[in-house]
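These notes are about the structure you will find just below.
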Amino acid sequence: MTGPHGGDRVAQALAAHGVPRIFTLCGGHISPILAAAKARGIRIVDVRDEATAVFAADATARLTGLPGVAAVTAGPGITNTITPLKNAQLAQSPVVLIGGAAPTALQGRGALQDIDQRPLVAPHVKRFYKLRRVRDLAPAVAEAFELARSGVPGPVFLECPVDLLYPEAEIRKWYAEAAGKGQALPDRALRWYLNRHAERMFADAGAAAPAPRTPQVPRAADAALHRAAAMLDRARQPLFVIGSQAVVQADEADALAEAVGRLGVPVYLSGMARGLLGRDHPLQMRHARRQALRESDCVLLAGVPCDFRLDYGRHVRRSATLIAANRSAKDARLNRRPDVAAVGDAGQFLRALAQTLPTSVGRWADWAATLRQRDAQREAQIDEQAAREGDHVNPLAFFRALEAEAGEGAVFVADGGDFVGTASYVLHPRGPLTWLDPGAFGTLGVGAGFAMGAALARPGDEPREVWVVWGDGACGFGLAEFDSFVRQGIPVIAVVGNDAGWTQIAREQVKMLGDDVATVLARSDYHAVAAGFGAEGLLIQRGYEVRPVLRRARELARQGRAVLVNVWLDKTEFREGSLSM
């Protein structure tokens, strides 16, 4: 393919925005974009499922604060992205998805993979761009990048029909062939229509692309800030709950951690905010959150809505002062009207609060000590349960070992039900932006894409230590991506908690309904599947094998190998009653 074309204009705009990589599954509709991007030095990371591409872009966005980019072909390529798009929307993750489409002149006439994509995609994105002219491609990219990060972050979709992307000469030649040489009135009318259509489509195609735009970051009103500061100043037992939205400005994560430390308020961290204060900060609490919320007289929710995770606001007692800092006015007031709605960036609000309040270190030391004592009691209970031996591996003991063996720079990707729920009690993320989970949608299947995005989300694509914590049910969604890891030298380590079942569902289903229907799996050789793709497959069946195998997995990853560790688990009752509604 020679000469400039629409695909090159898209690639030029992506390069201008500093995009280092595009996640994709190939398709003829988008080939010009991929070829042009590669020619401009943008890495093309190809996967085995379009969902993986969007999940990987999502992880890149969460870890860098910049939109992650995925490109997929028309029709089924786009329909395969609906779940990860919705997941990104609910997680408020800035993703730019570029999708192909049938030729503009043939849409609605039964062309290959031609469907009306807007009604399928539009509900799950901030905006659906349906492009019809070559000159609009680059400006749309610029707008998409700005919109994805502005206000409440989220995904944006660009529909790029195939005849906008290939060279003009090729498209005009194709149009001429489609019109034929007949002299009947209908034939001449078709030629006239296609020629006029092409003129409109390629008019002013050489227009200069706009410069990248600065996203609009909402800032809470000063009045809300001062009211919140006054309420905290009066509080005897204040509590912070900080969620993913507080760290959407990823480059400000360290400054946010410092501000939270200066405020001196005990804090619970969730979602992408897990790890914000490091592994063992004295202000960070991990257990008995519901009890702490019910005892607190002033609760600040930073980027956290009162949804099912807070029992729709009922975890916060009615007599407590409630402060909600959130970019979304709707989420700030969801299910519970706060005393102060600080509508703006939650991380920015906390940093401003630290500058407004006098130094508070030690002010609530007794309250924090009470919460730490509860944490210590719960940790002792977990140690006691982890010491119980069975036929295979105690999942609590496994995560105690993983906590000890994983590197200080490790990133954990959580994808599963019971196994991941257990991990959340035991694993301590090492620092800011070192924990990835699906978010409010609870999506299974994020693991391979999140791991890929996390492994590459560094300047120069320098790999990092990434552990996928996979339930044996969840791993089935992304197991084939070990082919992608191997082909592209991405040294992910996956640990599969193999208890031969969808245990989180089965435990409550059997108890309430007396039937394990559709919840039973096999002790499958997941490690052998990974080995079949060229990765390293390791098996753990007994507790004494855990730490040596985990060390071996790290060693192989440092050598650039992708690794899957198949861990045979014992059944436990650790997460009894964990079903959410």
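The values are calculated or read from the model by the stated rules, or taken from the named source; none is laboratory data. Computed from a prediction, not measured in an experiment: that's the story for all the values here. Here Cβ is always computed from backbone atoms with ideal geometry, including for glycine, and neighbour counts include all displayed protein chains.
Tabulated data
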item: Qualifying residue in region 392-401 (condition: under 28 Å from LEU256 (Cα atoms) and not hydrophobic (A, V, I, L, M, F, W, C)); result: no
item: Residue list for region 485-523, restricted to those being touching a strand residue (DSSP E or B) at 6+ places or on another chain (Cβ under 7 Å) and among the polar types (S, T, N, Q); result: GLN488, ASN498, THR519
item: Test: residue in region 330-338 that is more than 26 Å from PHE441 (Cβ to Cβ) and surrounded by fewer than 22 Cβ atoms within 10 Å (Cβ to Cβ); result: no
item: In region 232-251, residue farthest from LEU436 (Cα to Cα) [restricted to those that are over 18 Å from the mean Cα position of the chain (by Cα) and buried (at least 18 other Cβ atoms within 10 Å of the Cβ)]; result: ALA235
item: Residues (surrounded by fewer than 22 Cβ atoms within 10 Å (Cβ to Cβ) and either out of contact with any Leu (no Cβ under 6 Å at 6 or more places or on another chain) or assigned to a strand (DSSP E or B) (or both)) located in region 299-321; result: ASP307, PHE308, ARG309, ASP311, TYR312, GLY313, ARG314, ARG317, ARG318, SER319, ALA320, THR321
item: Index of the failed condition, VAL486 passing every other in (1) closer than 25 Å to GLN381 by Cβ; (2) touching a residue at least 60 places away in the same chain (Cβ under 8 Å); (3) of a type in the set (A, V, I, L, M); result: (1)
item: Within region 339-359, tally of residues that are assigned to a loop (DSSP other than H, G, I, E, B) and either surrounded by fewer than 15 Cβ atoms within 10 Å (Cβ to Cβ) or assigned by TED's automatic domain parsing to the domain that holds SER424 (or both); result: 3
item: ALA376 being in a strand (DSSP E or B) and either on the phi < 0 side of the Ramachandran plot or in contact (Cβ under 8 Å) with a residue 40 or more places away in the chain (or both); result: no
item: Filter result (within 23 Å of TRP174 (Cβ to Cβ) and not in a helix (DSSP H, G or I)) within region 71-83; result: ALA71, VAL72, THR73, ALA74, GLY75
item: Matching entry among ARG109, ARG132 (being among the charged types (D, E, K, R) and either touching a residue at least 60 places away in the same chain (Cβ under 8 Å) or closer than 30 Å to LYS330 by Cα (or both)); result: ARG132
item: Filtered residues of region 58-84 (kept if closer than 30 Å to ASP163 by Cα and surrounded by fewer than 24 Cβ atoms within 10 Å (Cβ to Cβ)); result: LEU66, THR73, GLY75, PRO76, GLY77, THR79, ASN80, ILE82, THR83
item: Which listed residue is of a type in the set (D, E, K, R), in the same structural domain as ILE33 (by TED's automatic domain parsing) and over 30 Å from GLY442 (Cβ atoms), from ASP136, ASP116; result: ASP136
item: All positions within region 393-430 that are part of a loop (DSSP other than H, G, I, E, B) and either under 20 Å from the mean Cα position of the chain (by Cα) or surrounded by fewer than 19 Cβ atoms within 10 Å (Cβ to Cβ) (or both); result: GLY407, GLU408, GLY409, ALA410, GLY416, GLY417, LEU427, HIS428, PRO429, ARG430
item: Hey, GLY108 closer than 30 Å to VAL486 by Cβ and not acidic (Asp, Glu) or not; result: no
item: Residue ranges of helices (runs of 4 or more DSSP H) in region 84-177 with at least 1 members out of contact with any Asp or Glu (no Cβ under 9 Å at 6 or more places or on another chain), closer than 26 Å to GLY344 by Cα and aromatic (Phe, Trp, Tyr); result: 137-149
item: Filtered residue count, region 516-530, keeping only those that are closer than 23 Å to VAL486 by Cα and in contact with an Asp or Glu (Cβ under 9 Å, 6 or more places away or on another chain); result: 4
item: Residues located in region 237-281, provided they are in a helix (DSSP H, G or I) and of a type in the set (Lys, Arg); result: ARG262
item: Selection status of GLY68, in contact (Cβ under 8 Å) with a residue 24 or more places away in the chain and within 22 Å of VAL248 (Cα to Cα); result: yes
item: Condition check for ALA140: closer than 30 Å to VAL247 by Cβ, out of contact with any Cys (no Cβ under 9 Å at 6 or more places or on another chain) and hydrophobic (A, V, I, L, M, F, W, C); result: no
item: Sole exception among (1) part of a helix (DSSP H, G or I); (2) of a type in the set (Lys, Arg); (3) closer than 21 Å to ALA500 by Cβ for ARG388, by number; result: (1)
item: Residue that is nearest to the chain's Cα centre (by Cα) [pool: residues in region 20-33 that are under 14 Å from LEU97 (Cβ atoms) and of a type in the set (A, V, I, L, M, F, W, C)]; result: PHE23
item: Residues of region 24-43 classified as aliphatic (A, V, I, L, M) and over 18 Å from VAL141 (Cα atoms), total; result: 2
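So that you can scan it fast, the table gives a plain yes or no per residue for (1) more than 25 Å from VAL546 (Cα to Cα); (2) among the hydroxyl-bearing types (Ser, Thr, Tyr):
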site	(1), (2)
GLN381	no, no
THR422	no, yes
PRO438	yes, no
PHE441	yes, no
GLY447	no, no
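Let's see how each residue does on (1) over 23 Å from the mean Cα position of the chain (by Cα); (2) surrounded by fewer than 22 Cβ atoms within 10 Å (Cβ to Cβ):
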{"residue": "GLU465", "(1), (2)": "no, yes"}
{"residue": "GLY471", "(1), (2)": "no, no"}
{"residue": "PHE485", "(1), (2)": "no, no"}
{"residue": "ARG523", "(1), (2)": "yes, yes"}
